Structure formats: C-alpha cells, structure tokens
C-alpha cells in the first residue's frame, strides 16, 4: 500500500491484485491454483502497464538467510534488466548482508536449479515461478518478484519491520522505476506514511 501511494504521489496510475492480507480474487478458471490465477491477472493488466512486479517476504528453513532476493524470468537479457540491476545496487547499499547466496536469479521449473542473472545470461528453460512464467508466456509481460526480507530470520525481521527499513527498500524500487518512466523522483514520502 505504501508503494502504491508513493507511485501515485508521482502522478502514476497503479493497479494492485490485492490490497489486504488475502489471496485476492485473481483471474482465470476457478480450478487454477490461486497463485496461477494471480499470475494470469498480472499478465492481463500488465499488457497495458509499464512495470509489473510482485512484493513478497521470504520464510525458509534456513534461519541464517536474510536480506533480499529478486526472482526473474530466465529469458530476460542484461539490457532488459537495467532497472533491476540499478535496484540491486541500491539494495546492496541498504541491506546489512551477512551470508552469501544467490540473490538475483531465475529458477528452472523442471530441475528447480537456480541460475544467476547478474551476468545477463539468457535461459530457455520453463520458469519455475508462475508469476514470472504466465505473464510472459500468455501476455508477453515482464514480471519480477521481489522477496524483500526473510521473516523467518529474527534479525532480518527486526531490521526490516521494527527498524522500518522497509521504507528504504521500497524507496529504492520507487526511485529507479519512477526515473525509468521519465518522471522526476520526489523523496518526500510524508503523505504516504
């Protein structure tokens, strides 16, 4: 909701698939999994959008993991990832990263193997994540997943939520995407807090 407010404060129009802590309605056949239906919705509305992304918060079995991950479609080239690489640069200056694992990657549906996208390698495998795969395959829409923190890591949770660093994380995305649209970024977020 904060990011929606901030984009709108720059004069941009925003559509959200959900505005509460629910799965939302989604589009598509009722027999589809909710995540697949949300991916259909992102593709459908993404056709007329300039930017499409999904915010998530990780929770995993390894409580040592912390920080962000950006999950990308395998087909994207380095030129198509300019904004996201700029966000990575900003994230690396914000997050207190202590452990090392791949943070900017695509995942193969069949093998579940992770492939780094930092060098711009293009992959032809079927993307693991419906939110990456379905908008592209059915609607030719680029969709990114941002995992903004590991809620299963107590220190990460405290840093992100209690210390309100989620604002810095959101602002990094907003600044890059707003500027990429040719709109002048305004750092005054007081109307959205």
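Bear in mind these aren't lab numbers, they're just calculated from the coordinates by the rules spelled out. Source: prediction; values computed, not measured. Here the Cβ positions follow ideal geometry from the backbone for every residue, glycine too, while neighbour counts run over all protein chains shown.
At a glance:
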read-out	value
Out of 164, 173, sole residue that is buried (at least 19 other Cβ atoms within 10 Å of the Cβ) and either over 13 Å from residue 91 (Cβ atoms) or within 11 Å of the chain's Cα centre (by Cα) (or both)	173
Residue within the range 149-156 that is in a helix (DSSP H, G or I), under 21 Å from the mean Cα position of the chain (by Cα), under 25 Å from residue 98 (Cβ atoms) and free of Cβ contacts under 8 Å to residues at least 12 places away in the same chain present	no
Close pairs from the range 118-146: first in contact (Cβ under 8 Å) with a residue 12 or more places away in the chain and on the phi > 0 side of the Ramachandran plot, partner surrounded by fewer than 18 Cβ atoms within 10 Å (Cβ to Cβ) and outside any loop (DSSP other than H, G, I, E, B), Cβ under 9 Å, at least 6 apart	120/79; 120/80; 120/85
Any hit, the range 69-78, residues being out of contact with any helix residue (DSSP H, G or I) (no Cβ under 9 Å at 6 or more places or on another chain) and within 17 Å of residue 172 (Cβ to Cβ)	yes
